[in-house]
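> I have a structure here, written as structure tokens, and I will follow up with some questions on it.
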């Protein structure tokens with residue numbers, strides 16, 4: 001096994017069966033021992049990956065799940081789980097998955113930049129860092145969505161009865177100062 005892969009496997013947390021299978025594939029099958037159950041799951045995941053790639057656009061997911069279920073004598077729900085794991089391990093839902101490809105390139109450049117820093121080759125490390133910056137520009141961002149909220153302020157009737165707008169704001173500010181900045185709000 002290559003020393004770089006050994007170092008990578010040391011840093012890789014293996015908390016689940018899926019993590020163990022991922023580590024197995026990263027190491028190229030060397031140095032990672034799988035239990036018999038993990039071996040069976042690896043075979044199921046590999047078959048699901050093959051079916052997804054071979055039938056991409058020709059068969060729908062239900063038919064692929066049926067193929068997986070029949071081959072391994074499992075339920076459709078379990079077959080769908082194997083397909084989901086295949087997509088996670090191999091990114092098999094789309095053979096030309098730009099996001100996954102860019103992610104792999106970024107990780108490789110980070111690994112090479114770290115190696116260059118350790119060897120004190122700062123020029124090469126800077127080139128890898130520049131490549132990472134370019135890949136990050138291409139990486140599709142996920143948009144964060146925030147829920148829409150309506151704030152309701154309960155204003156005393158005395159504020160509404162003031163003759164001017166400025167007087168109303170002054171009264172509200174004095175009320176807020178006396179309550180130490182606590183406001184009554186309600187979110188919908």
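Just so you know, all these numbers are worked out from the coordinates, no wet-lab data involved. What you are looking at is a predicted structure, and each value in this text was computed from that prediction instead of being measured. Neighbour counts run over all protein chains shown; Cβ positions are idealised from the backbone, glycine included.
> Run the simple label-point estimate for residue 129 and residue 19 please: 7 Å along Cα→C-beta, distance reported in nm.
Inter-label distance under the simple model: 3.1 nm.
> On to the next question. Using only alpha carbon pairs under 8 Å that are at least six residues apart, calculate the relative contact order of the stretch 99-138 and give it in whole percent.
47
> Given labels modelled 7 Å from the Cα in the Cβ direction, how far is it in nm from residue 115 to residue 53?
Inter-label distance under the simple model: 2.4 nm.
> Quick one: if you stick a label point 7 Å off each Cα along the C-beta vector at residue 77 and residue 36, how many nm between them?
Spacing of the two 7 Å Cα→Cβ label points: 2.6 nm.
> Mind running the shape call on the stretch 99-138? Use the C-alpha gyration tensor, a ≥ b ≥ c as the square roots of the eigenvalues: rounded below 1.5 for a/c, prolate if a/b tops b/c, oblate otherwise.
It is oblate, given that a/c is not under 1.5 and a/b is not larger than b/c.
> Quick one: if the Förster radius is 22 Å, what FRET efficiency do residue 103 and residue 63 give, using the C-beta to C-beta distance and rounding to 0.05?
E(calc), rounded to 0.05, equals 0.15.
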